[in-house]
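Scroll down for the structure; my scribbles are underneath it.
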Amino acid sequence: MQGPSGISRRHLLGGSLALLGAAASGCAIPVGLGSSGTRVQYWHFMGASDGIIMNSMVNAFAKEAPEIFVEENVLAWGEPYYTKIAMAGSGGRSPDLATFHLARLAGIGAGQILDPVNERLLEEVGLRGADFSPPIWERAHIDGVLYAIPFDAHPMVQYYNTDICGKAGLLGSDGKLRPTNGVDELVDQLTKAKEVMGGKPPLAFDALGLGTVGPWRVWWSLYPQSGGTLLSDDGATITIDDAKALEVLRFMQRLGKEGLCDWRTDYGASVANFTNGQAAFLWNGDWETTGLKDRGTPFSMTRFPAVFGTGSAQADCHAFVLPHQRDRDPEVERATYEFIAYLVRNSADWAVAGHVPAYLPTLELPEYLALEPQSEYRSVVTEVALDPQVWFAGSASRLWIEFGEAFSPVISGERTPEEGLAAARASLGRLLSAPDPFPDEERS
C-alpha cells in the first residue's frame with residue numbers, strides 16, 4: 001500500500017538514526033511546524049521499528065492533510081509513560097491524543113484521567129464499531145462507554161525456523177509449518193525438531209529472570225483455550241478453574257522436564273537463541289518480526305498452537321485515547337479524529353512491524369495479505385485472550401509479573417504445579433484486596 005506521500009512499506013522501515021535517538025530520549029518530533037493550520041499534540045511510546053513506522057505514518061498524514069500538523073512526542077515505554085498520562089489528565093492539561101495499551105484502560109481512571117470517545121465524530125470520519133474485532137471493540141468500553149479506538153492486536157504467536165523444521169519434516173508442500181492440534185501433536189512436533197537439533201531444546205520463550213512475564217503470557221494463552229477464566233465479569237471474585245489451570249501448568253512443566261523448552265532463558269536469551277538457530281520455535285509477541293528479518297534468520301510465523309481447545313492466544317492491543325482536557329477545542333478535536341481515522345485506515349502500513357490490525361477491512365486488503373509472514377496469523381484477532389478488566393492488569397503490570405514469578409519455577413521443576421497455582425492465587429488475592437487508585441465513585 002502506498003499513501004499519498006509515496007511512502008512504501010520498504011521506505012517505512014528505512015528510518016534514520018536521528019529518529020531512533022529521539023525516540024530513545026523521549027523527544028518531540030514535530031511534523032509540520034511553522035504551519036498556520038490546526039495543531040494536534042500526540043503522545044506515544046513507540047520505539048525501534050514501531051517508532052520509525054509511526055513517524056512515517058505521521059509524515060504521510062501531514063502531506064495528505066496539510067491544514068493539520070501533528071506534534072509527535074515519543075516518551076519512555078512502561079510505567080513512566082502511564083504516570084505522565086495520569087498526571088497530565090488529572091490536571092486537565094493533556095495532549096489531544098495518546099497511544100495506550102488497551103489492557104491498561106481500566107487502571108488509568110477512565111472518565112477521570114481519560115475522556116470518552118465522541119462516537120458522533122468517530123462516525124463522521126468513517127469509523128464504525130462493526131468494522132473492528134468484536135472482542136477488542138468490546139474491551140474498549142468501560143461500563144458501556146467507549147474510551148478507546150483500537151488500532152491493533154499484538155498476540156502471542158509461534159515463530160519457526162524454516163531450515164530446522166524442513167529438516168525435521170514439519171513443513172507442508174507449501175513450505176509452511178503443519179498445524180498441530182492438542183498436546184500429543186505438539187509434543188510430537190517439538191520432539192522431531194529436538195532430534196534434528198542433536199537433543200537441544202527446540203522451543204524458546206521468556207521463562208526465567210527478574211520480572212519475567214513469559215510464563216504468564218504462555219499460561220494465559222493456553223488456559224483460556226479450554227474456557228478458563230481468572231476473575232468474574234465485575235473483577236471482584238477469583239474464578240480460576242483449578243483442574244484446567246493445573247492441566248496447563250503440568251504441560252508447561254513437562255516442556256521443561258523433557259527438554260522440549262529451555263527453562264533457563266530470559267527474554268533476551270530466548271530471542272537470541274531463535275535468531276541464531278539454537279531453537280526451532282519461539283513463543284513470543286509478534287513484534288520481533290522486523291528484527292528477525294533484518295538479521296537474516298530463516299523463519300516464518302503462525303498462530304500460537306491450539307493445545308487445549310480453541311486457538312486463543314494472549315494479547316494486548318494498541319489503541320488511541322483522549323487524555324482529559326478541561327476545555328477541548330472543537331477544531332482541534334475534529335482534526336484529532338481525522339488523524340485517528342487516517343492511522344486506522346492505513347493500518348496495513350503499521351502491520352509491517354508484525355501487529356494485526358484491529359480494523360477488519362484492512363485484513364482483506366491485497367496489500368496486507370501480501371505481507372509475509374504477518375498475514376499468516378491474522379485470524380487470531382477474533383480469538384484474543386485479553387486481560388481481565390481490572391486496574392492491576394496490563395502490559396508489565398503486577399498481575400503479569402507476579403504470575404510470572406509463580407509459574408517460572410514450575411517450568412524449571414523447582415515448584416510443583418499445585419504450588420505454582422497456590423502462589424498465583426495468593427498474589428491475585430492480594431491484588432484484589434489492594435485499594436483501587438481509581439474507584440468507581442471517583443469516575444465521572
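The values are calculated or read from the model by the stated rules, or taken from the named source; none is laboratory data. Note that the structure is a prediction, hence the values are computed from the model and not measured. A quick note on method: Cβ atoms are made from the backbone with ideal geometry, for glycine too, and the neighbour counts reach across all protein chains shown. Just so you know, the surface numbers come from the protein's heavy atoms only, side chains and all, with ligands and any DNA or RNA stripped out. Shrake-Rupley method; radii C 1.70, N 1.55, O 1.52, S 1.80 Å.
Annotations for the structure displayed:
- From L386, L421, residue being touching a strand residue (DSSP E or B) at 6+ places or on another chain (Cβ under 7 Å), surrounded by fewer than 23 Cβ atoms within 10 Å (Cβ to Cβ) and under 30 Å from L210 (Cβ atoms): L386
- When residues in the range 311-335 are screened for being crowded, with 22+ Cβ neighbours inside 10 Å and assigned to a strand (DSSP E or B), 10 of them pass.
- Selection within the range 87-99: residues that are surrounded by fewer than 21 Cβ atoms within 10 Å (Cβ to Cβ) and part of a helix (DSSP H, G or I). The member of this set that is modelled with the lowest pLDDT is G91.
- Options Y368, Y377; residue that is touching a Lys or Arg at 6+ places or on another chain (Cβ under 6 Å), touching a residue at least 24 places away in the same chain (Cβ under 8 Å), over 19 Å from I238 (Cα atoms) and among the hydroxyl-bearing types (S, T, Y): Y377
- Within the range 34-50, the set of residues being assigned to a loop (DSSP other than H, G, I, E, B), open to solvent by 20 Å² or more (accessible area, probe 1.4 Å) and either at negative phi or of a type in the set (D, E) (or both) comprises S35, S36, G37, G47.
- Which numbered condition G291 fails, given (1) more than 18 Å from T212 (Cα to Cα); (2) modelled with pLDDT of 95 or more: (2)
- Some residue of the range 100-121 being open to solvent by less than 10 Å² (accessible area, probe 1.4 Å), assigned to a helix (DSSP H, G or I) and over 22 Å from R326 (Cα atoms): yes
- Residue match in the range 51-64 (condition: at pLDDT 50 or above, over 28 Å from L292 (Cα atoms) and in a strand (DSSP E or B)): no
- Qualifying residue in the range 199-214 (condition: within 21 Å of L282 (Cβ to Cβ), touching a residue at least 60 places away in the same chain (Cβ under 8 Å) and of a type in the set (S, T, N, Q)): yes
- Test: residue in the range 249-258 that is over 23 Å from the mean Cα position of the chain (by Cα), acidic (D, E) and surrounded by fewer than 19 Cβ atoms within 10 Å (Cβ to Cβ): yes
- Checking F251 against (1) among the aromatic types (F, W, Y); (2) modelled with pLDDT of 95 or more; (3) in contact with a strand residue (DSSP E or B) (Cβ under 8 Å, 6 or more places away or on another chain), the condition it does not meet: (3)
- Residues satisfying the stated conditions in the range 210-223, i.e. open to solvent by 30 Å² or more (accessible area, probe 1.4 Å) and farther than 24 Å from A272 by Cβ: none
- Extreme residue, least open to solvent (accessible area, probe 1.4 Å), among residues of the range 128-178 that are farther than 30 Å from G296 by Cα, free of Cβ contacts under 8 Å to residues at least 24 places away in the same chain and among the small types (G, A, S): G129
- Listed by first and then second residue, the pairs linking a residue in the range 257-283 that is under 20 Å from A406 (Cα atoms) to a residue that is of a type in the set (F, W, Y) and open to solvent by less than 20 Å² (accessible area, probe 1.4 Å), with Cβ atoms under 6 Å apart and 6 or more places separating them unless they lie on different chains, are S270/F205; W283/F205.
- Filter result for S379 (of a type outside the set (A, V, I, L, M) and part of a helix (DSSP H, G or I)): yes
- Inter-residue pairs, beta-carbon under 7 Å, first in contact (Cβ under 8 Å) with a residue 60 or more places away in the chain and in the range 238-249, second among the basic types (K, R) and open to solvent by 60 Å² or more (accessible area, probe 1.4 Å), 6+ apart: I238/R425; I240/R425
- Single residue of A236, A245, A207 found to be aliphatic (A, V, I, L, M), more than 18 Å from F308 (Cβ to Cβ) and open to solvent by less than 20 Å² (accessible area, probe 1.4 Å): A207
- Taken over the range 294-310, the criterion of being open to solvent by less than 30 Å² (accessible area, probe 1.4 Å) and not hydrophobic (A, V, I, L, M, F, W, C) is satisfied by T297, S300, P305.
- Flag if P388 is over 26 Å from D152 (Cα atoms) and not in a helix (DSSP H, G or I): no
- Test result for S375, in contact with a helix residue (DSSP H, G or I) (Cβ under 9 Å, 6 or more places away or on another chain), within 22 Å of Q158 (Cα to Cα) and at pLDDT below 95: no
- The residues in the range 185-222 that are of a type outside the set (A, V, I, L, M, F, W, C) and touching a Lys or Arg at 6+ places or on another chain (Cβ under 6 Å) can be counted, and the count is 1.
- Criterion (under 21 Å from W219 (Cα atoms), part of a loop (DSSP other than H, G, I, E, B) and either of a type outside the set (S, T, N, Q) or in contact (Cβ under 8 Å) with a residue 40 or more places away in the chain (or both)) met by exactly one of R415, R425: R415
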